[in-house]
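For reference, the structure discussed in these notes is given below.
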Amino acid sequence: MNKKILVAVMALGAVVFNVAAWDYEGHHAVNALALDSLPADFPEFALTPDARTRIAYLAGEADRWRNETSLKNGTGLALGHASGPDHYIDLEDLRLYDLTPQTLPPLRYDFVVDIARARAAHPERFPAIDPAKDSDHTRELSGFLPWAITENYEKLQSGFATLAALEKFGGTAEEITNAKQNIIYVMGVMGHFVGDASQPLHTTMYHHGWTTNDNPNHYTTSFKFHQWIDGGFFSKTGGIDVKKISEKIHPAGKLPAADNPNGIFATSIEFIVAANKLVEPLYILDRDGKLSDKENRGAEGRAFLEAQLVKSGQFLGNLWLTAWQTAPEDTFLERELQQRTAAAK
């Protein structure tokens, strides 16, 4: 493929809409696997049966936001615009902006500036966008998945910092209860994006079939391929046995990169790049009939997809544990609480 065609194809990848990664069952499994990785000394309130149920349910929250955009009369466009690109990143597009995964800026809107500058400086790289297919104004973007993971990680750190201050400096029972519920909410929601990151089709321009002019290996071009990987295969072959695959989960550990200010972002990028390397192996499995629901031919495909769920569950558990262990001290809240206590006396 010559350079001009490659550029056009990569640009086209930014224009095609990405749907959710993993169906609800898959995202539910990722959060459940992450919970299984947590040590016994992790905050007890997050490990109760009710909390586990809540965290698993929240695995689907980000997709429920996306469902809002399907309503008629324009309802939900703002929500789709704000949250839709958080579910993916098309890594092949980075060349359009003269970037690589390793040179991506750690801050979301710095990346937006890079996109805008590249489009202004090199308009020839980018085909026209059909306004009829861009009602939520996201087609100029290539996805924000690593930023979504990092930002939710920092929200979780903030939640643990708030809780620690309230418990140490006289927070009320109601405040402490609410702080715990906030932590549970963020744990559940961030799990969705970590789950997205292990689905190879959420890291690539080839997210709905190998739709380019260059397909010498005869991979599927079906738009429905994405849906089949998200959950269609599992649905047709007996579902996901979380208890069985949880045997492959190891105890969560602190991520060494957390000591670097941009370490969690870099680790998230590495995780996504690893999934991106599996895009073509996934297409090969499909081409060779190993993702079929017929005649028990899907054993290898099932093992592949279950391994991706386990990877996300492990990474998510590591993120949760690391956020708890590295939560900074909220000195501002501590002062406010001390002043409130003094005033009450």
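The values are calculated or read from the model by the stated rules, or taken from the named source; none is laboratory data. If you're wondering where the values come from, they're calculated on a predicted model, not measured in any experiment. Note that each Cβ is placed from the backbone with ideal geometry, even for glycine, and that neighbours are counted across all protein chains shown.
Tally the residues that are touching a residue at least 24 places away in the same chain (Cβ under 8 Å) and not small (Gly, Ala, Ser), restricting the search to region 240-258. Matching residues across region 240-258 total 9.
On inspection, LEU99 does not qualify as surrounded by fewer than 20 Cβ atoms within 10 Å (Cβ to Cβ), at pLDDT below 95 and not hydroxyl-bearing (Ser, Thr, Tyr).
So which residues in region 212-224 are closer than 13 Å to GLU280 by Cα and touching a residue at least 24 places away in the same chain (Cβ under 8 Å), if there are any at all? Of everything in region 212-224, those that are closer than 13 Å to GLU280 by Cα and touching a residue at least 24 places away in the same chain (Cβ under 8 Å) turn out to be ASN217, HIS218, TYR219, THR220.
For the structure I just gave you, tell me whether GLY191 is in a loop (DSSP other than H, G, I, E, B), buried (at least 22 other Cβ atoms within 10 Å of the Cβ) and not basic (Lys, Arg).
No; evaluated as a whole, the condition is false for this residue.
Scanning region 213-240 for residues that are more than 20 Å from GLU300 (Cβ to Cβ) and in contact with a Ser or Thr (Cβ under 9 Å, 6 or more places away or on another chain) yields ASN215, THR221, PHE223.
Could you go through region 253-276 and let me know if any residue there is acidic (Asp, Glu), assigned to a helix (DSSP H, G or I), crowded, with 19+ Cβ neighbours inside 10 Å and within 25 Å of the chain's Cα centre (by Cα). Quick ask: steps written out before the conclusion?
Taking region 253-276 first, the residues acidic (Asp, Glu) are 259, 270.
Narrowing the set further to residues that are assigned to a helix (DSSP H, G or I) leaves 259, 270.
If we keep only those that are crowded, with 19+ Cβ neighbours inside 10 Å as well, we get none.
No, region 253-276 contains no residue that is acidic (Asp, Glu), assigned to a helix (DSSP H, G or I), crowded, with 19+ Cβ neighbours inside 10 Å and within 25 Å of the chain's Cα centre (by Cα).
When THR203 is tested against (1) closer than 22 Å to ARG335 by Cα; (2) crowded, with 24+ Cβ neighbours inside 10 Å, just one condition goes unmet, and that condition is (1). Between HIS87, HIS137, the distinction of being touching a helix residue (DSSP H, G or I) at 6+ places or on another chain (Cβ under 8 Å), in contact (Cβ under 8 Å) with a residue 40 or more places away in the chain and crowded, with 16+ Cβ neighbours inside 10 Å belongs to HIS87 only. Pairs meeting the criteria (first residue in region 175-196 and polar (S, T, N, Q), second residue modelled with pLDDT of 95 or more, beta carbons under 6 Å, at least 6 apart or on different chains) are ASN182/GLY159.
When GLN157 is tested against (1) exposed (fewer than 14 other Cβ atoms within 10 Å of the Cβ); (2) in contact with a helix residue (DSSP H, G or I) (Cβ under 8 Å, 6 or more places away or on another chain); (3) touching a residue at least 12 places away in the same chain (Cβ under 8 Å), exactly one condition is not met: (1).
Taking PHE144 as the residue in question, decide whether it is in contact with a Leu (Cβ under 7 Å, 6 or more places away or on another chain) and surrounded by 15 or more Cβ atoms within 10 Å (Cβ to Cβ).
On the way: in contact with a Leu (Cβ under 7 Å, 6 or more places away or on another chain): no; surrounded by 15 or more Cβ atoms within 10 Å (Cβ to Cβ): yes.
In short, no.
The single condition among (1) more than 19 Å from THR204 (Cβ to Cβ); (2) part of a helix (DSSP H, G or I); (3) at pLDDT 95 or above that PRO106 does not meet is (2).
Pairs meeting the criteria (first residue in region 55-70 and surrounded by 15 or more Cβ atoms within 10 Å (Cβ to Cβ), second residue charged (D, E, K, R) and at pLDDT below 95, beta carbons under 9 Å, at least 6 apart or on different chains) are GLY60/ASP23; ASP63/ASP23; THR69/ASP136. In the set (1) under 30 Å from GLY253 (Cα atoms); (2) touching a Gly at 6+ places or on another chain (Cβ under 8 Å); (3) at pLDDT below 95, the condition left unmet by ASN18 is number (1).
Being charged (D, E, K, R), in a loop (DSSP other than H, G, I, E, B) and at pLDDT 95 or above is the filter here; which residues of region 277-296 pass it? LYS277, ASP288, LYS290, listed by residue number.
Okay, residues lined up against (1) in a loop (DSSP other than H, G, I, E, B); (2) surrounded by fewer than 19 Cβ atoms within 10 Å (Cβ to Cβ); (3) at negative phi:
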position: THR212; (1), (2), (3): yes, yes, yes
position: PRO216; (1), (2), (3): yes, yes, yes
position: TYR219; (1), (2), (3): yes, no, yes
position: SER222; (1), (2), (3): yes, yes, yes
position: HIS226; (1), (2), (3): no, no, yes
position: ASP230; (1), (2), (3): no, no, yes
position: SER235; (1), (2), (3): no, yes, yes
position: GLY239; (1), (2), (3): yes, yes, no
position: LYS243; (1), (2), (3): no, yes, yes
